[in-house]
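A quick write-up on the structure given underneath.
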Amino acid sequence: MTKLTPKITRRRMMAAAAAGTASLAAPALATAQTRRLRMVTSWPRRLPGPGMSAERIAERVRALTAGRLDIAVHAAGEVVPAFEVLDAVGQGTADLGHTASFFWQGKMPASVFFTTVPFGLTPSEHVAWVEAGGGQALWDELYAPFGVKPLMGGNTGVCMGGWFRREIGSRADLAGVKIRSLGLGGELYRRMGATPQTTPPPEILTSLQSGVIDAVEFVGPGTDIALGLYRVAPFYYYPGFNKPNGTGEALVNSRVWEGLDAASKAALSHACAAEANFALAEMERLNVEALAALTGQHKVQLKAFPADVVSAARGLSRDVLGELAGRSAVARKVHDSYVAFRDRVGAWSRISMQAVLEGRAG
C-alpha cells in the first residue's frame with residue numbers, strides 16, 4: 001500500500017509556525033502574569049508562632065493562585081524595623097505586612113482591641129466578634145486613613161503573664177520592675193508600679209541579658225522557648241490577664257488590595273483566615289510541648305500571679321479601657337462594640353467552656 005504524505009501548503013506552514021510560537025510563548029506569558037509582592041514583618045525570621053504564620057500565608061497564597069501572586073517574606077529589620085510595618089505598608093514601601101495591631105496604640109489607640117486587651121476576649125470569642133459581631137467593619141474603618149486593609153492572619157492563643165528575674169510575692173514586688181510589655185497590659189503594669197518598655201521582638205533576649213529590662217511578657221511557651229528567655233529569667237508567671245488572645249495582623253496596602261481581581265482577593269482572604277485557624281491549633285500543640293520542656297529539662301519555675309496582682313489589674317483595666325474610649329469617636333465605637341460583645345459572650349462562655357473545664361478538672 002502506498003503511504004500518503006499530507007500536501008504541504010502555505011496555509012499548513014503558517015499554522016504550524018503559529019502553533020510553535022504559541023507553545024514557546026506560553027511559559028513567558030505565565031511568567032509575565034506572576035505578580036511579585038513584598039511582605040515585611042515584625043518578627044525574627046521563622047519565629048515559631050507569628051513568624052511562621054507570615055511564611056504560611058505566603059505559601060497558601062502562592063498555591064491558591066497557582067503562582068500568580070508570589071509573596072516574598074522579610075523578617076524584622078531586613079527592610080524596615082519591627083515597629084514600622086504599618087507605615088511601610090501604608091506608604092507603599094511594602095505591599096503587605098504581618099504584625100500585631102497593638103503596636104500602633106500610639107497612632108490609633110483603638111488598634112489594641114484587634115490583638116487583645118486585658119481581661120478581654122479569648123481567641124474563639126475574638127474571632128466571633130471580628131467575623132460575626134461587626135469587628136471587621138470597625139477594623140477597616142479604623143485603618144482606612146493609614147492606607148491599609150487589615151485581616152486576621154494568625155493567632156498565638158492565650159498568652160502567659162511573663163518572665164521575671166525575681167519572684168513576685170505580691171503587688172508590691174512589681175515596684176520599679178522594668179518589664180517589656182506592650183498594649184494596654186503595659187499600662188496596667190505601669191499603674192501597678194512597674195516600668196513598661198516597648199522592646200522590639202528581635203531585641204528582647206539581649207535586653208534581658210544586659211539588664212535593660214527585668215521581665216518580659218511576649219507570647220506563650222511555644223514561641224517564648226525559641227527566644228531562650230528561660231536562660232535569664234527563671235520565673236514564668238500565669239495567667240496572662242494582660243493578653244488573653246493573640247491575633248496576628250495581616251496588612252495589605254489599600255492600593256494593592258483594590259488593584260487585585262476578585263479571585264486574588266478571595267485567595268488572600270482565605271489564606272489569612274486559614275492561617276488564623278491553623279496557627280491557633282499549632283500553638284496549642286507547641287505550647288504543650290514547650291511548657292513540658294521548660295519545666296522539666298530547663299527547670300523553669302511556673303508560678304501563678306499573687307491574687308492581689310490579678311485583682312488590682314482587673315480593677316485598673318476598667319479605668320484604662322474607659323479612658324481609651326474617650327480618645328476619639330472611632331475609639332468609642334470600637335470600645336463599645338468590643339465590650340458589649342464581651343459581656344454578651346461571657347454569659348455563654350461561663351456556662352459552656354468554663355463549666356466544661358471546671359467539670360473536667362473535677
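Note on region 241-264: among residues that are part of a helix (DSSP H, G or I) and in contact (Cβ under 8 Å) with a residue 40 or more places away in the chain, the one that is farthest from the chain's Cα centre (by Cα) is A263. Does G154 satisfy being in contact with a Ser or Thr (Cβ under 7 Å, 6 or more places away or on another chain) and either in contact (Cβ under 8 Å) with a residue 60 or more places away in the chain or not acidic (D, E) (or both)? Against the criterion (in contact with a Ser or Thr (Cβ under 7 Å, 6 or more places away or on another chain) and either in contact (Cβ under 8 Å) with a residue 60 or more places away in the chain or not acidic (D, E) (or both)), G154 qualifies.
Please go through region 76-115 and give me each residue that is aliphatic (A, V, I, L, M), in a loop (DSSP other than H, G, I, E, B) and under 16 Å from G153 (Cβ atoms), ordered by number. Those that are aliphatic (A, V, I, L, M), in a loop (DSSP other than H, G, I, E, B) and under 16 Å from G153 (Cβ atoms): A76, A94, A100.
Regarding E358, is this residue of a type in the set (D, E), within 26 Å of the chain's Cα centre (by Cα) and under 25 Å from S124 (Cα atoms)? When the stated conditions are applied, E358 does not pass them.
One residue stands out in region 35-84 among those that are of a type in the set (D, E) and out of contact with any strand residue (DSSP E or B) (no Cβ under 7 Å at 6 or more places or on another chain): the one that is surrounded by the most Cβ atoms within 10 Å (Cβ to Cβ), namely E84.
Does any residue of region 193-206 turn out to be farther than 30 Å from P145 by Cα, more than 18 Å from the chain's Cα centre (by Cα) and crowded, with 23+ Cβ neighbours inside 10 Å? No, because not a single residue in region 193-206 is farther than 30 Å from P145 by Cα, more than 18 Å from the chain's Cα centre (by Cα) and crowded, with 23+ Cβ neighbours inside 10 Å. Scanning region 63-91 for residues that are of a type in the set (D, E, K, R) and within 16 Å of V256 (Cβ to Cβ) returns R68, D70, D87. Residue count for region 103-157, restricted to those that are buried (at least 24 other Cβ atoms within 10 Å of the Cβ), among the small types (G, A, S) and farther than 18 Å from F341 by Cα: 3.
Scanning region 168-194 for residues that are within 26 Å of F114 (Cβ to Cβ), without any contact (Cβ under 8 Å) to a residue 60 or more places away in the chain and not aromatic (F, W, Y) returns I179, R180, G186, R190, A194.
Among the residues making up region 139-179, those that are among the aliphatic types (A, V, I, L, M) and not in a helix (DSSP H, G or I) are V148, L151, M152, V158, M160, I168, A175, V177, I179. May I ask you to verify whether A250 is out of contact with any Ser or Thr (no Cβ under 8 Å at 6 or more places or on another chain) and surrounded by fewer than 24 Cβ atoms within 10 Å (Cβ to Cβ)? No; evaluated as a whole, the condition is false for this residue. Among the aromatic types (F, W, Y) and touching a residue at least 60 places away in the same chain (Cβ under 8 Å) - does that describe any residue in region 224-235? Yes, region 224-235 contains at least one residue that is among the aromatic types (F, W, Y) and touching a residue at least 60 places away in the same chain (Cβ under 8 Å).
Within region 253-275, at least one residue is buried (at least 18 other Cβ atoms within 10 Å of the Cβ) and of a type in the set (V, I, T). Can you find even one residue in region 116-127 that is free of Cβ contacts under 8 Å to residues at least 40 places away in the same chain, farther than 26 Å from E59 by Cβ and outside any strand (DSSP E or B)? No, because not a single residue in region 116-127 is free of Cβ contacts under 8 Å to residues at least 40 places away in the same chain, farther than 26 Å from E59 by Cβ and outside any strand (DSSP E or B).
One line per residue, one yes/no per condition, for (1) surrounded by 13 or more Cβ atoms within 10 Å (Cβ to Cβ); (2) in a helix (DSSP H, G or I); (3) in contact with a Phe, Trp or Tyr (Cβ under 8 Å, 6 or more places away or on another chain):
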| site | (1), (2), (3) |
| --- | --- |
| H298 | yes, no, yes |
| A312 | yes, yes, no |
| L321 | yes, yes, no |
| L324 | yes, yes, no |
| R332 | yes, yes, no |
| D336 | no, yes, no |
| A340 | yes, yes, no |
| I351 | no, yes, no |
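In region 59-84, the residues that are more than 22 Å from F278 (Cβ to Cβ) form Cβ pairs under 7 Å with partners that are surrounded by fewer than 16 Cβ atoms within 10 Å (Cβ to Cβ) and β-branched (V, I, T), at six or more places apart or across chains, as follows: R68/T34.
None of the figures in this text is laboratory data; all of them are computed from the coordinates on show. Keep in mind it's a predicted model, so treat the numbers as computed, not measured. Ideal geometry is used to build each Cβ from the backbone, glycine not excepted, and the neighbour counts take in all protein chains shown.
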